[in-house]
Amino acid sequence: MRPHDYDGSLRDLIDQRSKEAPDKIFLIDPDRGETVTFDQLRLACRSIAGRVAAQGINPGEAVGYAMTNGAAAAKVILGLMYGSYLATAVNLVSGRKTIDYVLDHSRAKLVVCQQQTRDLLGNNPSCDVLDAGDTLLAKNDAPPLPPVPSPLDDALLMYTSGTTGVPKGVVLTHSNLIAGGANTALAHELEQGDRGLCVLPLYHINGLCVTLLGALVSGSSLIMPNKFSVGNFWDYLRQHRGSWFSVVPTQISYLLNAAVKNGHDRTGLEHLRFGRSASAPLAPDVQRAFEDQFGIPLIETMGLTETAAQILSNPIKGGRKIGSPGIAYGNEVIVGDGDQKELPRGEEGEILVRGPNVMKGYLYNLEATRDALTDGGWLRTGDLGRMDREGYVTITGRIKELIIKGGENIAPREVDDALYSHPDVIEAAAFGRPCDQYGQRVEAAVVLRDGTAVQPSDLIAMCERKIGKFKAPDRIHVMGELPKGPSGKIQRSRLTDLAG
């Protein structure tokens, strides 16, 4: 389904799937041993929407969801959207302060949670808590449904996980979300026979829009365990005949490390078509090592919360360029100058996006919305990159993360890639440190394989050979784990404090 081929809401889409293939399995919850057909999904969504209505919540009002992954969470989230409510993601690992802010700022009057997530919510006096137990999800005698939402009605509120200041609430409409799911289905050629594996949280745009909505839009199905597990990852794909999965680079590194350490059995995975990487740049050496080890193509992509996930992807069949998140699918992408004018191919500038998947704006923040969305309809991503003659984009860094040493711009990713070329480096992130002589100096933090003999001085020497002494780190910090946001993206801005 292409975005312009469909002009309905998510309720319309769920009803359509139920009518076309009522008995087709949509969700598989391997931890609970539960399957959900498209018709069961429709009934659950009606039940959830009606019960929220019975709490006195009006259409368009924010209703939070604080749930771990699984079929229950998927039904609740889609049920809120089905009922014309603004499904508001509660990041379970963001801490009480951020959760309180999200619930207050969104003006949520209700939060749907599970018994194991209830304590994370505190005692916010402005909203009630509704437990997403079997009673809520199973009964079909729900009160009357709210009116059918329109494609332009607000559907999802998801807060960006910034490390400075307060997070911004990204508002995405039904149309935005369907376009985001369609872009994934288009780029990856998803068909009804496909079955994805979702191991990224549904309170993050990758898990929600790429896997859940990508499957819904394409009429395919989804395996949804409670969480990512290196030990169970390949077994889920074997047992449930998964044909694709979406992960982030840190998960790729841990899967690769486990296979190098313990070996990997490829039997039972013949139906697996590809793996997908997003949320952060994928180091070329890690991608090559993964493909050599597991024997499946790894498709690098790029997306943002503000664009309902995917904006760029490498093609499934031929034309992949390692080191690039690919070309635009379903939206326009250019590299622009400071005035958002397209630059000649090969020149570095800001990545700009325009299309039906681009957000409505930031909730209650007109200034930030005006800064992000230009008069020409372009979204400013804040990412720096170049585009080649064939339309492939290479990301060179974040505008705010550039290391400026002696007046020279150094992209942290160039240093990261040099470090990832060493087989004992599992995670790596370069960052700038204030320096009296140069303004900033280059440092990096790494996580190393257990039992390695490699020393920081060895890694520095390797970087000097690969990218030159000027760009190589002056110091490397070995850490047990690098700080990450909910998507698994390494948070460079916290490294200066954590590295000491």
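The values are calculated or read from the model by the stated rules, or taken from the named source; none is laboratory data. What you see is a predicted model; the values in this text were computed from it and never measured. Using ideal geometry, Cβ is built from the backbone for each residue, glycine included, and neighbour counts are taken over all protein chains shown. Keep in mind that these areas ignore ligands, DNA and RNA; they rest on the heavy atoms of the full protein, side chains included. Shrake-Rupley method; radii C 1.70, N 1.55, O 1.52, S 1.80 Å.
Kindly rank 357-370, 112-125, 172-185 from highest to lowest mean number of other beta carbons found within 10 Å of each residue.
172-185, 357-370, 112-125
Which whole-number percent gives the relative contact order of segment 397-488, counting Cα pairs below 8 Å spaced six or more residues apart?
Averaging sequence separation for qualifying contacts and normalising by length gives 26 percent for segment 397-488.
Solvent-accessible area per residue for segment 341-500 at a 1.4 Å probe radius, Å²?
Here the per-residue accessible area is 50 Å².
Fully extended, how many nm does the chain gain between Arg370 and Arg96 (0.36 nm per residue separation, minus their Cα-Cα distance)?
Result: 95.7 nm gained on full extension.
Treating only the Cβ atoms of Lys and Arg (+1) and Asp and Glu (-1) as charged, compute the dipole magnitude of segment 230-283 about its Cα centre; round to the nearest 20 debye.
80
Mind checking which of Leu86, Leu495, Leu43 is farthest towards the positive end of the chain's charge dipole, using Cβ charges of +1 (Lys, Arg) and -1 (Asp, Glu) about the Cα centre?
Of the candidates, Leu495 comes out farthest on the positive side.
When DSSP beta bridges are limited to those with both residues in the chain, what percentage is antiparallel, rounded to the nearest 5?
Of all bridge pairs located within the chain, approximately 60 percent are antiparallel.
Under the definition of Cα pairs under 8 Å and six or more residues apart, what whole-number percent is the relative contact order of the chain?
Once divided by the residue count of the chain, the mean separation gives 12 percent.
Kindly report the accessible area of segment 194-247 per residue (heavy atoms of protein chains, probe 1.4 Å, no ligands, DNA or RNA), in Å².
Per residue, segment 194-247 has 22 Å² of solvent-accessible surface.
List, largest first, the extents of the alpha carbons of the chain along their principal axes, each in whole Å.
Principal-axis extents of the Cα atoms in the chain, largest first: 69, 54, 46 Å.
To the nearest 0.05, how large is the calculated FRET efficiency for Lys466 and Val230 if R₀ is 25 Å and r is the Cβ-Cβ distance?
0.30
Could I have the simple spin-label model distance between Glu189 and His264, label points 7 Å from Cα toward Cβ, reported in nm to one decimal?
Going from the Glu189 label point to the His264 one covers 2.2 nm.
Over the Cα atoms of segment 1-94, what radius of gyration and what Dmax do you get, in Å?
Gyration radius and largest Cα-Cα distance of segment 1-94: 13.9, 40 Å.
Using a 1.4 Å probe over the heavy atoms of the protein chains, calculate the carbon and sulfur portion of the accessible area of segment 194-297 as a whole percent.
Of all accessible area on segment 194-297, carbon and sulfur atoms account for 47 percent.
Charges at C-beta only: +1 for Lys and Arg, -1 for Asp and Glu. How large is the resulting dipole of the chain about its Cα centre, in Debye rounded to 20?
For this selection, approximately 300 debye.
Could you pull out every one of the lysines with an alpha carbon less than 20 Å from that of Lys168, ignoring same-chain neighbours closer than 8 positions?
Counting by Cα, and skipping residues close in sequence, Lys168 has these lysines nearby: Lys97, Lys109, Lys360, Lys400, Lys484, Lys489.
For segment 335-457, give the percent of accessible area contributed by carbon and sulfur heavy atoms, probe 1.4 Å, rounded to a whole number.
The C+S portion of the solvent-accessible surface of segment 335-457 is 44 percent.
Using a probe of 1.4 angstrom, how much of the accessible area of segment 26-95 is carbon and sulfur, in percent?
Of all accessible area on segment 26-95, carbon and sulfur atoms account for 43 percent.
By how many nm would the segment from Leu343 to Arg273 grow when fully extended, if each residue of separation counts as 0.36 nm and the alpha-carbon distance is taken off?
21.6 nm
Once the dipole of the chain is set up with Lys and Arg at +1 and Asp and Glu at -1 on Cβ about the Cα centre, which of Phe233, His188, Thr452 lies farthest towards its positive end?
The residue sitting most towards the positive pole is Thr452.
To the nearest 0.05, what FRET efficiency results for Lys19 and Gln115 with a Förster distance of 56 Å applied to their C-beta separation?
Between Lys19 and Gln115 the formula returns 0.95.
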